[in-house]
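Structure record follows, encoded as structure tokens.
Quick note: the coordinates plus some simple rules give every number you see, no bench work behind them. No experiment lies behind these values; they were computed from the predicted model shown. Note that we place each Cβ from the backbone using ideal geometry, even for glycine, and neighbour counts take in every protein chain shown.
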């Protein structure tokens, strides 16, 4: 078995991209009450009883401090037609909410106007995870709009008719 420090990072990234996953946007409020959001594909369910989910934020993310200290956040599972929104929230330093008419969720957390599903959460745990922090959230409210999800596989968005 090879030592874990000898693994080829690019090869590891390619291997991980074989796993098709949904695309989410996670939102919260910073200490000043400003809206913050990022695109996240590292999202998963943890438990039904209690209702727990997890996601991770990179230590190099501009919003790392906001999310690792936020008491509340919302995870929006994006719908198939929302690739542009995914790209918008993946950018750094722009006003990601400028063109969006968000509503307010638990404790004022911004809720996007469109999504396939939305889970409103409180932070239950934050764990170290290498170059990321793993955030476990307790789900307090959720909504499923029964839309097809946006999916990424091998670093490309999938469409019903195939890769985009």
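Once you order the gyration tensor axes a ≥ b ≥ c over the Cα atoms, which shape class does segment 15-120 get: rounded for a/c under 1.5, otherwise prolate or oblate by comparing a/b with b/c? Before the final figure, lay out the partial values.
Details: a/c = 1.28, a/b = 1.15, b/c = 1.12.
Verdict is rounded for segment 15-120.
From the helices alone, meaning DSSP H stretches of at least four residues, give me the mean residue ellipticity at 222 nm for the chain, per-run term -39500 (n - 2.57), in deg cm²/dmol to the nearest 500. Mind showing how you got there, number by number?
Working: 3 runs with 22 residues, N = 164.
So the calculated ellipticity at 222 nm is -3500 deg cm²/dmol.
What's the exposure ranking of 12, 97, 73, going from fewest to most Cβ atoms within 10 Å?
Details: 12 10, 97 17, 73 26.
Placing the least packed residue first, the sequence is 12, 97, 73.
Centre-to-centre separation between the Cα atoms of segment 34-106 and those of segment 145-159: 16 Å. Here each label is just a point 7 Å from Cα along the line to Cβ, and for residue 30 and residue 6 those points are 4.4 nm apart.
How high is the FRET efficiency between residue 84 and residue 62 when r is their beta carbon distance and R₀ equals 25 Å, given to the nearest 0.05?
0.75
Report the FRET efficiency, 1/(1 + (r/R0)^6), for residue 49 and residue 71, where r is their Cβ-Cβ distance and R0 is 22 Å, rounded to 0.05.
On the way: r = 22 Å, r/R0 = 1.01.
Taking R0 as 22 Å, the efficiency between residue 49 and residue 71 is 0.50.
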